[in-house]
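The values are calculated or read from the model by the stated rules, or taken from the named source; none is laboratory data. Worth saying up front: this structure is predicted, and the values here are computed from it rather than measured. We place every Cβ from the backbone using ideal geometry, glycine too, and count neighbours over all the protein chains shown. Heavy atoms of the whole protein, side chains included, go into the accessibility calculation; ligands, DNA and RNA do not. Shrake-Rupley method; radii C 1.70, N 1.55, O 1.52, S 1.80 Å.
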Amino acid sequence: MKTTFVRFVLKYKNEDSPYGDLARDMLEDKKIKRTWGYKTTKKYLISVNACDRVMDLLEVLINVFILPSK
């Protein structure tokens, strides 16, 4: 089964890094669903006025997420 973007990000939850911070924030936000892909996640984060740093991290992570399929 192919993993979703949110599940991919959540794999970082135990890291002491910006990626881990983002993953833990996503876990705390009960509106974010593990089934969401990148586009839905990005749209939601824009709607809640996520800071530029979060949006930058999202862009980095989508590139890491799609890298194995290239």
Debye log10 I(q)/I(0) at q = 0.16, 0.17, 0.23 Å⁻¹ for the chain, Cα point scatterers: -0.49, -0.56, -1.07
The stretch 23-49 residues near the modelled GLU59 label - backbone nitrogen below 15 Å, point 7 Å along Cα→Cβ: 42-43, 46
Per residue, in Å², the accessible surface of the chain once ligands and nucleic acids are set aside, probe 1.4 Å: 71
Check: the chain dipole with +1 on Lys, Arg Cβ and -1 on Asp, Glu Cβ, in debye: 520
Carbon and sulfur %, accessible surface of the chain computed with the full protein complex present, 1.4 Å: 54
Full-stretch length increase - SER17, ASN49 - with 0.36 nm per residue and alpha-carbon distance subtracted: 9.4 nm
